[in-house]
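Trainee: Sharing a structure with you now.
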Amino acid sequence: MLILLTALAFLSGVAVADRLYPESRAERALAACVVALAIVAGSIHALGWMNVLTAASLAGSVVILSIVPIVITMRRDPRRLAHATREIVMLPVDAMREAWRARSVVVVALPFTLGIFAWTAWLAWLAPSGSWDGVWYHEPMVGFALQNRGFGLVEVPIQLEWVNGYPRTSEHFLLWTTVFGDRRLIDVVPSVMGAISLLAFYVIAARGSSWRMGALGLACVLVTIPAAVLQLRSTYVDLTVLATFLASVHFVTRPSLSARDVWMASLSLGVLGGTKANGLFFVGVLASIGLVGVVAHAIRARSARIVGHAIAGLALTIVLVAPPYWRNFERHGNPIWPLRYHSALLDVTLEGPHDLTNDHWPLAQQLEEMFGAPRPGEDYHDTRRHAYGYSLTFVALPLFVLGLMRMLGAAFAAIGLRRRRELLELTRIGVVLGVCALTLLTSPAYQWGRYALPMPAGALLVVLWLLGGRARRGLGEGALGAMVTLNLITLFWAAPGWDVTVTRALELAQMSPRERAEQPASLNLLPAESSRLRTERIADGDVVAFSDEVSFLANLWNERMSNRVVFVPAPSSTAFLDRLREIDAEWVVVRRGTSEESALRREGSGYEMLAPGQRDEVIYERAR
């Protein structure tokens, strides 16, 4: 079901994109991806906020939204859709042929990158999800949405308020992989988003450079730096941010902005705005840039028709973005709840339980982090050490600085010589670099590259401009080869990397799906025996209760996420036990040595110790 519906949404995207962008195959592929993402995310968004989200209703919505463009295309030319789909599917193959003819480093870089996406997708199938932030709150957002058939507020401890206040478009795609079966593919989302990020960067880069192999090679570099590549086989969401950010940037800054670009930008921004709390800010900035393009087009065409498209497109974006922020504002007076934000400059304070603190390291430590020797053993999915890798710092950074200086010189020369077209292209690159730089400037920690992945993308565009001329192609290929090699080396060094070694992957491949789901592929998961008991004893609709100090809630759902997880506060031992009986809790997960555990150990509590939980937690089961 998942594969069929995903294919249907993609085919719908192909049908739309083939009609809108006949002149560029890569741009058609990006537009098709954006439409497919919008169909999936939009369906989950609408059904979830109406609290009617089920597998059946979601399947029906996706079929209805997808089928109309497909039918229209098939009626006009029954063979057109198959031809258009084949053109997009063959893009990587044709790129490899062109790279081979050009004797470009891309002939190595592209299969290396696509191979990583395929490998990590297979690992997602083999090993259970266990990334820190994923089991902490990303996956619980999926679990609560499934058990409540929507996005209604749930009672949780204050440290888990992320599940209520956080924007959830990134989690929509995690839910999509889970709702029709189980969560064995939940970790595949970053692999898909990494491929879309590669495509989006290439489309942006190629529109301003004749060196297409350079654009494609640098796209491979971008998605294989540690901060990006180590998020594969996880439920971290920063690659979703990168993919939708770059897609939005492309359509908003496209030369000669037209109605088709307005609508594609609206869909891209609508998805981007709900990926993370700062998405609201990025949407505001990018929409403002898009407005400039709309006004310029209206003046040039002497028609306000595009303004009508822009107003309708903006309304669509607001519908897709606004609900979580509006609910937070209504309930807490803070659209980005549970984050607390204070700005003395703006005289703004937004109260929340989690302070949006400044975690920037001192300059000396930042430089050591960027240029110092690697320290394998700390390469987790959130990549907090050497996140930018060494291709960016030792190769791209010097070229970026040189490129910026030469761009400034070229811009002044273009002004003096009145070369309007060249000046417009330089301005466009500068605007893209500026909006990408905003992700770094608004990052809570400059050294943690995953918070600002668009910044390397912007810098690499400048590098491409510098090396894209025919006279510098040889130097460009050398720099490209060095960056690809450095990324490959840092990935080889990474530990624990994706948590699963090649040997372990082959062992997992010999197991049944149930056996694989019970393997502790990460320290954040339940022990193997506890996972086995969860599979055997927690059925559809069973209640698993948890107390205040339990953190990694994703462990409390079975693989189908078909049971119910309920928070039970403990004002007193008697009230705690009474509430457990009231909700008919099958399992109770508590922290060792707490008052809740003391209540459960009392004679007559109705519960008995069953198995260890994650780290210092323990699982109690209703006495039989």
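Trainee: Just one of (1) open to solvent by 40 Å² or more (accessible area, probe 1.4 Å); (2) among the β-branched types (Val, Ile, Thr); (3) outside any helix (DSSP H, G or I) trips up residue 485, so point out which.
Mentor: Tallying (1) open to solvent by 40 Å² or more (accessible area, probe 1.4 Å); (2) among the β-branched types (Val, Ile, Thr); (3) outside any helix (DSSP H, G or I), residue 485 fails exactly one: (3).
Trainee: Is it the case that some residue within region 15-25 is under 30 Å from residue 324 (Cα atoms) and in a helix (DSSP H, G or I)?
Mentor: yes
Trainee: Any idea which residue in region 158-190 is least open to solvent (accessible area, probe 1.4 Å), counting only those that are outside any helix (DSSP H, G or I) and under 21 Å from residue 542 (Cα atoms)? Even if it seems obvious, please write down each step before you answer.
Mentor: Going through region 158-190, the residues outside any helix (DSSP H, G or I) turn out to be 161, 166-168, 177-185.
Those still in the list that are under 21 Å from residue 542 (Cα atoms) too: 178-184.
Numbers: 178: 1, 179: 23, 180: 52, 181: 42, 182: 36, 183: 21, 184: 74 Å².
Filtering region 158-190 for residues that are outside any helix (DSSP H, G or I) and under 21 Å from residue 542 (Cα atoms), the one least open to solvent (accessible area, probe 1.4 Å) comes out as 178.
Trainee: Which one is least open to solvent (accessible area, probe 1.4 Å), of the residues in region 29-76 that are closer than 14 Å to residue 175 by Cα and among the polar types (S, T, N, Q)?
Mentor: Filtering region 29-76 for residues that are closer than 14 Å to residue 175 by Cα and among the polar types (S, T, N, Q), the one least open to solvent (accessible area, probe 1.4 Å) comes out as 43.
Trainee: Every residue in region 571-610 that is of a type in the set (Lys, Arg) and over 38 Å from the mean Cα position of the chain (by Cα), please.
Mentor: 581, 601, 602
Trainee: Output the number of the condition that residue 493 fails; it satisfies all remaining conditions of (1) touching a residue at least 24 places away in the same chain (Cβ under 8 Å); (2) under 29 Å from residue 156 (Cβ atoms).
Mentor: (2)
Trainee: Check whether at least one residue in region 382-401 is in a helix (DSSP H, G or I) and open to solvent by 80 Å² or more (accessible area, probe 1.4 Å), and report yes or no.
Mentor: yes
Trainee: From the list 307, 319, 295, which residue is closer than 24 Å to residue 163 by Cα and without any contact (Cβ under 8 Å) to a residue 60 or more places away in the chain?
Mentor: 319
Okay, residues lined up against (1) in a loop (DSSP other than H, G, I, E, B); (2) open to solvent by 60 Å² or more (accessible area, probe 1.4 Å); (3) of a type in the set (Ser, Thr, Tyr); (4) within 20 Å of residue 533 (Cα to Cα):
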residue: 569; (1), (2), (3), (4): yes, no, no, no
residue: 576; (1), (2), (3), (4): no, no, no, no
residue: 581; (1), (2), (3), (4): no, yes, no, no
residue: 588; (1), (2), (3), (4): no, no, no, yes
residue: 605; (1), (2), (3), (4): yes, no, yes, no
residue: 610; (1), (2), (3), (4): no, no, no, yes
residue: 615; (1), (2), (3), (4): yes, yes, no, yes
residue: 621; (1), (2), (3), (4): no, no, no, yes
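Trainee: On the basis of being out of contact with any Asp or Glu (no Cβ under 9 Å at 6 or more places or on another chain), surrounded by 14 or more Cβ atoms within 10 Å (Cβ to Cβ), at pLDDT 90 or above and not in a helix (DSSP H, G or I), does residue 500 make the cut?
Mentor: Answer is yes for this residue.
Trainee: Restricting region 114-135 to residues that are touching a Leu at 6+ places or on another chain (Cβ under 7 Å) and outside any helix (DSSP H, G or I), which is farthest from residue 502 (Cα to Cα)?
Mentor: Among those residues, the one meeting the criterion is 130.
Trainee: Now for a separate question. Considering every residue within region 515-524, establish whether at least one is surrounded by fewer than 16 Cβ atoms within 10 Å (Cβ to Cβ), at pLDDT below 90 and not assigned by the TED database to the domain that holds residue 579. Explain how you work it out, then say what you get.
Mentor: As a first pass, look at region 515-524 and keep what is surrounded by fewer than 16 Cβ atoms within 10 Å (Cβ to Cβ): 515, 523.
Restricting the remaining residues to those that are at pLDDT below 90 gives 523.
Within this subset, residues satisfying the condition of being not assigned by the TED database to the domain that holds residue 579 are none.
Scanning region 515-524, I find no residue that is surrounded by fewer than 16 Cβ atoms within 10 Å (Cβ to Cβ), at pLDDT below 90 and not assigned by the TED database to the domain that holds residue 579, so the answer is no.
Trainee: Filter region 342-361 down to the residues that are aliphatic (A, V, I, L, M) and at pLDDT 75 or above, then identify the one that is most open to solvent (accessible area, probe 1.4 Å). It would help to see each step written out before you state the result.
Mentor: First, the residues of region 342-361 that are aliphatic (A, V, I, L, M): 344-346, 348, 350, 356.
From what is left, the residues that are at pLDDT 75 or above are 348, 350.
Values: 348: 53, 350: 36 Å².
Applying the filter and picking the extreme gives 348.
Trainee: Only one residue in 411, 471, 505 is in contact (Cβ under 8 Å) with a residue 12 or more places away in the chain, part of a helix (DSSP H, G or I) and open to solvent by 20 Å² or more (accessible area, probe 1.4 Å). Which one?
Mentor: On inspection, the qualifying residue turns out to be 411.
Trainee: Which one is nearest to residue 380 (Cα to Cα), of the residues in region 444-455 that are open to solvent by less than 10 Å² (accessible area, probe 1.4 Å) and in contact (Cβ under 8 Å) with a residue 40 or more places away in the chain?
Mentor: It comes out as 449.
Trainee: Quick check on my filter: what residues within region 539-561 are in contact (Cβ under 8 Å) with a residue 60 or more places away in the chain and hydroxyl-bearing (Ser, Thr, Tyr)?
Mentor: 551
Trainee: Can you name every residue in region 68-84 that is closer than 14 Å to residue 13 by Cβ and either out of contact with any Asp or Glu (no Cβ under 7 Å at 6 or more places or on another chain) or modelled with pLDDT under 90 (or both)?
Mentor: Within region 68-84, 68, 69, 70, 72, 73, 81 meet the criteria.
Trainee: So which residues in region 425-443 are touching a residue at least 60 places away in the same chain (Cβ under 8 Å) and either open to solvent by less than 30 Å² (accessible area, probe 1.4 Å) or closer than 19 Å to residue 215 by Cβ (or both), if there are any at all?
Mentor: 425, 428, 429, 431, 432, 435, 436, 439
Trainee: Tally the residues that are of a type in the set (Asp, Glu) and open to solvent by less than 50 Å² (accessible area, probe 1.4 Å), restricting the search to region 77-94.
Mentor: 2
Trainee: Going by the conditions given, is residue 555 assigned to a helix (DSSP H, G or I), open to solvent by less than 60 Å² (accessible area, probe 1.4 Å) and of a type outside the set (D, E, K, R)?
Mentor: When the stated conditions are applied, residue 555 passes them.
Trainee: Of the residues 280, 291, 269, which single one is part of a helix (DSSP H, G or I) and crowded, with 24+ Cβ neighbours inside 10 Å?
Mentor: Only one candidate passes the filter, namely 269.
Trainee: Select, from 208, 152, 214, 194, the only residue that is surrounded by fewer than 24 Cβ atoms within 10 Å (Cβ to Cβ) and within 30 Å of residue 396 (Cα to Cα).
Mentor: Matching residue, one of 208, 152, 214, 194: 208.
Trainee: Against the conditions (1) in contact (Cβ under 8 Å) with a residue 24 or more places away in the chain; (2) open to solvent by 10 Å² or more (accessible area, probe 1.4 Å); (3) touching a Phe, Trp or Tyr at 6+ places or on another chain (Cβ under 6 Å), where does residue 107 fall short? Just the number, please.
Mentor: Failed condition: (1).
The values are calculated or read from the model by the stated rules, or taken from the named source; none is laboratory data. Keep in mind that this is a model prediction, so the values were computed, not measured. Cβ sites come from the backbone with ideal geometry, for glycine too, and all protein chains shown count toward neighbours. When the accessible area is computed, the model is the full protein with side chains, heavy atoms only, and any ligands, DNA or RNA have been set aside. Shrake-Rupley method; radii C 1.70, N 1.55, O 1.52, S 1.80 Å.
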